[in-house]
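The values are calculated or read from the model by the stated rules, or taken from the named source; none is laboratory data. In this text the structure is predicted, and so the values were computed from the model without any measurement. Here the Cβ is made from the backbone with ideal geometry for all residues, glycine too, and neighbour counts use every protein chain on show.
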C-alpha cells in the first residue's frame, strides 16, 4: 500500500480528518486523480461537518467513476444531514439502478424512507433486501421496529425472533420482543422473555419494571409488588422512585 495512503487511513481511523485529507491529497499528487481517493477525502469533509466541500469532492469522484455506488450513498448522506430527504432518496434510487442486486444502497434507501415516515415503502424495500440476501439482522430489526411502531405486533414478534436467531443472548433484543408480546397481550410469553433477561443480566433494571407491569396485567399483584420492590433498589431518579412507591402502596391495598 502507498505509504501516504496508509498514513491517511490511520489518521482517518483516529478521526484526525484534516491530517487525513493532507495525506489523501498527497496520494492524488503521487498517483493522479482517483475516484476512491476523492471519495475518501469527501468522507473526511463530511465528518468535519463541511457538507458543501464534501459534496464538491464527491462530485469530482463521481465524474471519474459514475458507476461507483458508494459515492452516491455518500452524496445521499450529505443531503440527509442537510434535511433534504427527497434529494437523498433521489440519489439513492440512482445508485440502486446501477446494480439492483447490491443490498447496501437499498438498505440506505430503506432507512431514509423510515426517517421520512414512509413505512409501507420502507417495508417493501426491506423485504426486497431479504429476498436478495437474508443474512442481515439489522434489516429484520428495522422491519420489526416499523411493525411495532405501526401496531402490527404479530409481524413485529416474527421479525424480533428472527433477529434473535443471529444474537440469541441479546438482552436488548429480548426486551424488544417482550414489549411486542406485552403490546399483543401475550403476557405469559412477555413474562418468559423478561425472566430470561434477568437470568442473563440481573442488572437490566428496565426488565424489572416491565415485568412488574406484565404481572399487573395478569392481575398477579403479589408478584408485581415483589418485582417493583426489586426495581426500587436500583439507582432511580427521585421522581421515578416516588412513583413506584405510590404504585406499590396501591397494589398492596388492592392485594390485601
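Brief remarks follow.
- Taking each residue of the range 41-68 that is on the phi < 0 side of the Ramachandran plot and in the same structural domain as residue 97 (by TED's automatic domain parsing) and looking for partners that are crowded, with 21+ Cβ neighbours inside 10 Å and assigned to a helix (DSSP H, G or I) with beta-carbon atoms closer than 6 Å, six or more apart or interchain, yields nothing.
A quick yes/no check of all residues on (1) farther than 26 Å from residue 167 by Cα; (2) touching a residue at least 60 places away in the same chain (Cβ under 8 Å); (3) part of a loop (DSSP other than H, G, I, E, B); (4) outside the structural domain of residue 35 (by TED's automatic domain parsing):
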| site | (1), (2), (3), (4) |
| --- | --- |
| 73 | yes, no, no, yes |
| 80 | yes, no, no, yes |
| 83 | yes, no, yes, yes |
| 88 | yes, no, no, yes |
| 92 | yes, no, no, yes |
| 100 | yes, no, yes, yes |
| 110 | no, no, no, yes |
| 114 | no, no, no, yes |
| 117 | yes, no, yes, yes |
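- One residue from 181, 141 being free of Cβ contacts under 8 Å to residues at least 40 places away in the same chain, outside the structural domain of residue 109 (by TED's automatic domain parsing) and farther than 30 Å from residue 93 by Cβ: 181
- Selection status of residue 139, closer than 28 Å to residue 36 by Cα and surrounded by 19 or more Cβ atoms within 10 Å (Cβ to Cβ): yes
- Candidates 215, 205: the one that is under 33 Å from the mean Cα position of the chain (by Cα) and over 16 Å from residue 173 (Cα atoms) is 215.
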